[in-house]
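*Asks:* Please find one structure pasted underneath; my questions will follow.
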């Protein structure tokens, strides 16, 4: 973004209590935010370096401003107003591109100039003549079917039965389902916290996680409970809910990975042995038992490939 709207009244009201250095710090932070179109780094020292905060007072100002005006999430320090403006800017870009593509696609192929134009003047004159005279000289085929509908015309085809609208494709159904999720998740978060637009990128990220409404509701409840425990009156936002959902998904994936890594624990080795109908022999160590299990798994895999 090379441009963003600066609402003087809103800014002045929100920053009236800041010191001169804190005000300058906040201004630099949001300019960096818009320039990169992404959250500020999680590491505060890196943020201080990005805006050239060198003195102790300047570095302290960075910490104060981040804690007051930004929200720490798993992908960095987020600023809700900046996120909204960036999303609005990108939405305008997408709409402008679609509009331009639509205008180009609306031109009939016969009205487009050829790629190779030996004589631009001749081509231009030809197009002009065609446009001027074609409507008056265009020949139309005679109408031969003058019988009433539903009757045969000299042995011709019978009246066709009108067909209903085409059934939506699988892609169209999936697209509609995603739209409904956008609306549902945005409404759930707006009801319990700060209002958020349906097309906000954080809503899109939540949908991309593949979560259900129940999972989103649970994340919202967790966010509210966490804020209450620390006596933080700030309404929950979509970024916070997204961070909780990502954390929950990561825990599930980690637990699943641990479950698959059966060879890491004695319990896992015993469980895998029972699955293969194998038992430890006498005073056999778990390391030896694990080796035998791996050998058996490899044999079964080779036999499966051979078949």
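The values are calculated or read from the model by the stated rules, or taken from the named source; none is laboratory data. Small disclaimer: the values here were computed from a predicted structure and weren't measured. Counting neighbours? That spans all protein chains shown, and the Cβs are built from the backbone with ideal geometry, glycine included.
*Asks:* Does residue 208 satisfy the criteria of being under 22 Å from residue 87 (Cα atoms), surrounded by fewer than 14 Cβ atoms within 10 Å (Cβ to Cβ) and without any contact (Cβ under 8 Å) to a residue 40 or more places away in the chain? Please lay out each step first, then the result.
*Replies:* On the way: under 22 Å from residue 87 (Cα atoms): yes; surrounded by fewer than 14 Cβ atoms within 10 Å (Cβ to Cβ): yes; without any contact (Cβ under 8 Å) to a residue 40 or more places away in the chain: yes.
Spelling it out, residue 208 is indeed under 22 Å from residue 87 (Cα atoms), surrounded by fewer than 14 Cβ atoms within 10 Å (Cβ to Cβ) and without any contact (Cβ under 8 Å) to a residue 40 or more places away in the chain.
*Asks:* Another question about this same structure. Looking only at residues in region 187-203 that are touching a residue at least 40 places away in the same chain (Cβ under 8 Å) and assigned to a helix (DSSP H, G or I), which one is nearest to residue 253 (Cα to Cα)? Give the steps one after another, and end with the answer.
*Replies:* To start, the set of residues in region 187-203 that are touching a residue at least 40 places away in the same chain (Cβ under 8 Å) comprises 189, 192-194, 196-197, 199-202.
Adding the requirement that they be assigned to a helix (DSSP H, G or I) leaves 189, 192, 201-202.
Working: 189: 25, 192: 28, 201: 24, 202: 21 Å.
Ranking the qualifying residues of region 187-203, first place goes to 202.
*Asks:* Is it fair to say residue 228 is under 30 Å from residue 200 (Cα atoms) and surrounded by fewer than 16 Cβ atoms within 10 Å (Cβ to Cβ)?
*Replies:* Working: under 30 Å from residue 200 (Cα atoms): yes; surrounded by fewer than 16 Cβ atoms within 10 Å (Cβ to Cβ): yes.
Against the criterion (under 30 Å from residue 200 (Cα atoms) and surrounded by fewer than 16 Cβ atoms within 10 Å (Cβ to Cβ)), residue 228 qualifies.
*Asks:* With respect to residue 179, is the statement that it is touching a helix residue (DSSP H, G or I) at 6+ places or on another chain (Cβ under 8 Å) and at pLDDT 85 or above true? Spell out the reasoning first.
*Replies:* On the way: touching a helix residue (DSSP H, G or I) at 6+ places or on another chain (Cβ under 8 Å): no; at pLDDT 85 or above: yes.
So residue 179 fails the test.
*Asks:* So, restricting to helices (runs of 4 or more DSSP H) that lie completely within region 204-307, which ones have at least 1 residues that are within 25 Å of the chain's Cα centre (by Cα) and under 28 Å from residue 67 (Cβ atoms)? Steps first, please.
*Replies:* Values: elements: 213-229, 238-260, 266-275, 286-306.
Where helices (runs of 4 or more DSSP H) fall fully within region 204-307 and carry at least 1 residues being within 25 Å of the chain's Cα centre (by Cα) and under 28 Å from residue 67 (Cβ atoms), they are 213-229, 238-260.
*Asks:* Between a first residue in region 227-238 that is farther than 12 Å from residue 195 by Cβ and a second residue that is at pLDDT below 85 and in a helix (DSSP H, G or I), which pairs have beta carbons less than 7 Å apart while being 6 or more apart in sequence or on different chains?
*Replies:* Final answer for the pair search is 234/227.
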